[in-house]
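We did not get these values from a lab; they are worked out from the coordinates using the rules stated. Note that the coordinates shown come from a computational prediction; the quantities given were computed from them, not determined experimentally. A quick note on method: Cβ atoms are made from the backbone with ideal geometry, for glycine too, and the neighbour counts reach across all protein chains shown.
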Amino acid sequence: MCNLYASIHGQAAIRAMAGAAVDRTGNLPPLPSVFPDQAAPIVRNAEQGRELAMARWGMPSPAFALKGRRTDGGVTNIRNTASPHWRRWLGIAHRCVVPFSSFSEHEQRPDGSRPPIWFALDESRPLAFFAGLHVEGWRSVRKLREGEVEADLFGFLTTEPSLPVATHHPKAMPVILRTADEIECWLTAPASEALALQRPLPDDALRVVARGEKQDG
């Protein structure tokens, strides 16, 4: 499960690669560490055109996962898109892309420790995107001290891991979009075509770029 990533690229670069004409993020700083339930940028389709906006990381949880719980911290990683819970959000209106520069998993070491290990397309941390889903104006209790809030939420899809992620996290990795054509497909194509992007990258597409830190600058 990817529960930590970095997004350090500027708004202009994000808008240009994702084709966003509208920017609702204000002055967006670099984000060297994004954790679950934090606000982060996404690009989504909107009435005024494709837009760059902020949302909280963690989609609404399925009903079965909320039994006996007073809060819903959200689902960060989405794997089973055949589930009725996720199928209702597979249309174009609820798809988004999530800009990132690197993402982290835990490295299992012989001493039992599990420090972060960071992956990116290469050492320069070029801009890429996760294939995501979002929902606007969802009412829920994310944290007890907040009470009920209305928030825009997002999560991103996962798939089978490729190397080198599979060496350290053999269960899953995020669905990564590397080109403008892949972004366009995810944001505009019929679901049957767009979901073909839920696949691992080639084994030579990612690199280990850092170890042992909870943020990647």
Hits among lysines - C-alpha to C-alpha of Lys214 under 27 Å, sequence gap 8 or more where chains match: Lys143, Lys171
For the chain: rounded, prolate or oblate by the Cα gyration tensor [a/c cutoff 1.5]: rounded
Label point distance in nm, Ser124-Glu146, each placed 7 Å from Cα along Cα→Cβ: 3.7 nm
Where labels lie 7 Å past Cα in the beta-carbon direction, separation of Glu47 and Glu184 in nm: 2.7 nm
Additional length obtainable on full extension of the chain from Glu213 to Ala63, 0.36 nm per residue less Cα span: 50.5 nm
Segment Asn27-Ala191, length gained on full extension (0.36 nm per residue, minus Cα span): 55.7 nm
Between the range 15-47 and the range 88-161, the alpha-carbon center distance in angstrom: 13 Å
Residues Lys143, Lys67 arranged by fewest to most Cβ contacts within 10 Å: Lys67, Lys143
Charge dipole of the range 5-211 about the Cα centre (unit charges at C-beta), most positive-ward option of Phe129, Pro62, Val98: Pro62
Model label zone, Arg114; criterion: amide N under 18 Å from point 7 Å along Cα-to-beta-carbon; scope the range 163-181: 165-174
Structure-based [θ]222 nm, the chain - -39500 (n - 2.57) summed over DSSP H runs of at least 4, per residue, nearest 500: -3000 deg cm²/dmol
